[in-house]
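A short write-up of the structure that comes next.
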Amino acid sequence: MYIANVRVRFEGDGLFVIQKKIEEALKAIEGFDHIDDIAVRHIPSHVYAKAKVMDLSDNQHKFVEDAVAAGLEIDWNYSGRGMYGKGCPAVRVGEYEEFETTSRCSKDRLGLGTVYYARY
């Protein structure tokens with residue numbers, strides 16, 4: 001049994017069209033005969049453009065995707081502990097809120113909230 005976790009970045013086309021293209025591509029692979037679930041998330045074009053300009057790592061891309069899915073505003077130039085002025089994507093949440101992400105990230109607890117940021 002093989003499990004494929006594929007991330008696809010795209011601009012244009014509707015989500016349904018993209019999902020069908022992914023299904024067709026997977027079915028074209030020899031021996032691949034069953035698709036359980038395909039989840040496609042839309043990243044707004046202005047967020048995609050900013051991420052592209054910043055030359056983010058794969059981990060930072062995942063962080064941004066999760067932040068967009070959670071409906072959070074992204075601070076694109078946060079400089080956390082030990083970053084020595086280098087900026088990275090970050091999100092701010094309230095004192096009793098959490099940000100769920102599968103990316104590796106750090107967090108700073110501030111007086112009235114928490115900042116999550118993806119250094120690398």
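The values are calculated or read from the model by the stated rules, or taken from the named source; none is laboratory data. These figures come from a predicted structure and were not determined experimentally. As a convention, Cβ positions derive from the backbone with ideal geometry for all residues, glycine included, and neighbour counts pool all protein chains shown.
Confirm whether Tyr96 is of a type in the set (Phe, Trp, Tyr), surrounded by fewer than 17 Cβ atoms within 10 Å (Cβ to Cβ) and more than 16 Å from the chain's Cα centre (by Cα).
Yes.
Suppose the filter is outside any strand (DSSP E or B) and in contact with a Ser or Thr (Cβ under 8 Å, 6 or more places away or on another chain); does Gly85 pass it?
yes
Anything in segment 87-99 that is in contact with a helix residue (DSSP H, G or I) (Cβ under 7 Å, 6 or more places away or on another chain) and over 14 Å from Ser57 (Cα atoms)? List them, or say none.
Val91
What are the residue pairs meeting all of these: first residue in segment 99-120, first residue in the same structural domain as Val68 (by TED's automatic domain parsing), second residue basic (Lys, Arg) and exposed (fewer than 13 other Cβ atoms within 10 Å of the Cβ), Cβ atoms under 7 Å, and 6 or more apart or on different chains?
Asp108/Arg81
Restricting attention to segment 89-106, and to residues there that are outside any loop (DSSP other than H, G, I, E, B) and modelled with pLDDT of 90 or more, which single residue is nearest to Met54 (Cα to Cα)?
Pro89
Starting from segment 56-70, take each residue that is surrounded by fewer than 16 Cβ atoms within 10 Å (Cβ to Cβ) and list its partners that are part of a helix (DSSP H, G or I), counting only C-beta distances under 6 angstrom and pairs at least six apart or across chains.
Pairs found: none.
Taking segment 96-120, which residues are within 16 Å of Ser79 (Cβ to Cβ) and hydrophobic (A, V, I, L, M, F, W, C)?
The answer is Cys105, Leu110, Val115, Ala118.
Let's see how each residue does on (1) among the basic types (Lys, Arg); (2) on the phi > 0 side of the Ramachandran plot:
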site	(1), (2)
Leu72	no, no
Ser79	no, no
Gly82	no, yes
Cys88	no, no
Glu98	no, no
Ser106	no, no
Arg109	yes, no
Leu112	no, no
